[in-house]
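Have a look at the structure below, then the notes.
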Amino acid sequence: MRAGFQKGARRYGTYQRKERFIWDSSMVDRKRGIPGYVSIVGHVPTFIIRGYPGEPAAIWRSPDGRLIDVDCGAAFPEHGGRLGCLCLDTDEEFYV
């Protein structure tokens, strides 16, 4: 999901606010999240973060556990890309 908002939308018990969305990849570049929060991001395929290892892409978590990249590069099967889904209730990962 790309950053965006709907006026008055309610999700996960808090109102979405435009200023809470992050529009760049600086957290992924630093490989750490925002203290006190867990951020779920996309747009940077996880095989890039992992250095093109030549194996199927997987959901990536930062060492501090505050950043989760769910973009497994489904549009790039030649790099091991596939569709990755993360269940926020159980933390289970699913791949297609």
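The values are calculated or read from the model by the stated rules, or taken from the named source; none is laboratory data. Note that the structure is a prediction, hence the values are computed from the model and not measured. Cβ placement follows ideal geometry from the backbone for every residue including glycine, while neighbour counts extend to all protein chains displayed.
Let's see how each residue does on (1) at pLDDT below 95; (2) out of contact with any strand residue (DSSP E or B) (no Cβ under 9 Å at 6 or more places or on another chain); (3) among the aromatic types (Phe, Trp, Tyr):
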{"site": "50", "(1), (2), (3)": "yes, no, no"}
{"site": "62", "(1), (2), (3)": "yes, no, no"}
{"site": "67", "(1), (2), (3)": "yes, no, no"}
{"site": "78", "(1), (2), (3)": "yes, yes, no"}
{"site": "84", "(1), (2), (3)": "no, no, no"}
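Test residue 3 against the criterion of being in a loop (DSSP other than H, G, I, E, B) and modelled with pLDDT of 95 or more, and give yes or no. Against the criterion (in a loop (DSSP other than H, G, I, E, B) and modelled with pLDDT of 95 or more), residue 3 does not qualify.
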